[in-house]
Amino acid sequence: MKKEFVVIGLGRFGGSICKTLIEQGMEVLVMDRDEARIDEFASIATHAVIADSTDETVLKSLGIRNFDHVIVAIGADIQASILTTLMLKEIGVKRVTVKAQNDYHAKVLRKIGADNVVHPERDMGKRIAHNIVSKSILDYIELSEKYSIVEIAANYHLAGHSILDLNIRAKYGITIVAIRRGSNIIVSPQAGDVIEREDVLIVIGAVEDINRFEKDLLLDK
Ligand code: ATP
């Protein structure tokens, strides 16, 4: 059975979520109080509704409780974002993901029961900053305050050595979970696998351990 989603707020973030879900074959109902936004998405989304999400009657009449997942992508109007989230959880929506504008907003959202709070601008800023600071860090995804997944370009220090030779897990406490080699992905590489110059390593570990690894083996000294 296809999963059914609701996206509330069709700014750049909500719009992008909607388009990607549709590309993935999902059913998506979109809601925005701005008619022009709805006109733009009416031909893309499964259903499109011009409505204010802070109106509880509207939420109930749409049977929002029966959807698998609601994404609240309201931006500047923090009050509307909080009120909408509160009502969705009170109505009994199982999974609600909300875009937060700042840390205080995020804290309130968690308190009132949001299942997932995302900070797209902050997270993207971090990812880009890591990539700017280090040529070898291609991408950076924060899992928690302490742990991250990082995409690292191999260099001549690493090339020609096996994972066992480099002894990365014992020395740095980080794990190579996959290697991207051209269009191939080697998932869970083995100790004997030898790293090639153009490889991209996908590494998981504590941020401080990844930094240590980067200082020792990746930065040109
Ligand atoms: P982005 O960065 O994703 O482009 P933004 O952070 O600038 O978005 P806004 O443009 O403030 O966010 O809001 C996103 C969308 O949410 C807008 O299209 C707006 O009309 C819609 N929106 C805001 N409040 C409500 C509401 N109460 N009900 C329905 N839609 C709403």
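Computed values, structure above
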{"item": "Translational D in µm²/s for segment 4-118 (Stokes-Einstein at 25 °C, 0.890 mPa s, Kirkwood Rh from C-alpha pairs)", "result": "179 µm²/s"}
{"item": "At R0 = 25 Å, FRET efficiency that the Cβ-Cβ distance of ASP193 and MET26 yields, to 0.05", "result": "0.10"}
{"item": "Long-range amide H partners of GLN101 with built H, under 5 Å", "result": "ALA106"}
{"item": "Base-10 log of normalised Debye intensity for segment 79-134 (one unit scatterer per alpha-carbon) at q = 0.17, 0.18 Å⁻¹", "result": "-0.56, -0.60"}
{"item": "14 Å Cα-Cα reach of LYS107 towards aspartates and glutamates, excluding residues that sit fewer than 8 places from it in its own chain", "result": "ASP115"}
{"item": "Two-decimal Rg/Rh across segment 167-221, once Rg and the Kirkwood Rh are taken from alpha-carbon atoms", "result": "0.96"}
{"item": "Net charge of neighbours whose Cβ lies under 12 Å from the Cβ of VAL187, counting Lys and Arg as +1 and Asp and Glu as -1", "result": "+1"}
{"item": "Hz values of 3J(HN,Hα) by residue in segment 201-215 - Karplus curve (6.51, -1.76, 1.60), Gly and Pro given as x", "result": "9, 9, 10, 10, x, 6, 4, 5, 6, 5, 4, 5, 4, 5, 4"}
{"item": "Most to least accessible of PHE5, PHE213 (protein chains only, probe 1.4 Å)", "result": "PHE5, PHE213"}
{"item": "Helical segments meeting 15 Å axial Cα length and Kyte-Doolittle -1.0 threshold in the chain (DSSP H)", "result": "12-23, 78-91, 120-133"}
{"item": "Spherically averaged projected area in nm², based on the convex hull that wraps the Cα atoms of segment 122-217", "result": "5.8 nm²"}
{"item": "Per-residue HN-Hα couplings for segment 35-50 [Karplus 6.51, -1.76, 1.60; θ = phi - 60°; Hz; x = Gly/Pro]", "result": "4, 4, 5, 5, 4, 5, 9, 4, 7, 9, 6, 5, 9, 9, 10, 8"}
{"item": "Karplus-derived HN-Hα couplings along segment 135-147 (A = 6.51, B = -1.76, C = 1.60, θ = phi - 60°), whole Hz, x at Gly and Pro", "result": "4, 7, 7, 8, 8, 8, 10, 7, 8, 7, 4, 9, 10"}
{"item": "Charge context of VAL177, other residues only, Cβ under 12 angstrom, K/R +1, D/E -1", "result": "+1"}
{"item": "Largest-first principal axis extents, alpha carbons of the chain, Å", "result": "64, 35, 28"}
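The values are calculated or read from the model by the stated rules, or taken from the named source; none is laboratory data. As the structure is a computational prediction, the values presented were derived from the model and not from experiment. Reconstructed Cβ throughout: ideal geometry from the backbone, glycine too, with neighbour counts over all protein chains shown. What goes into the accessible areas is simple: the full protein's heavy atoms, side chains included, and nothing from ligands, DNA or RNA. Shrake-Rupley method; radii C 1.70, N 1.55, O 1.52, S 1.80 Å.
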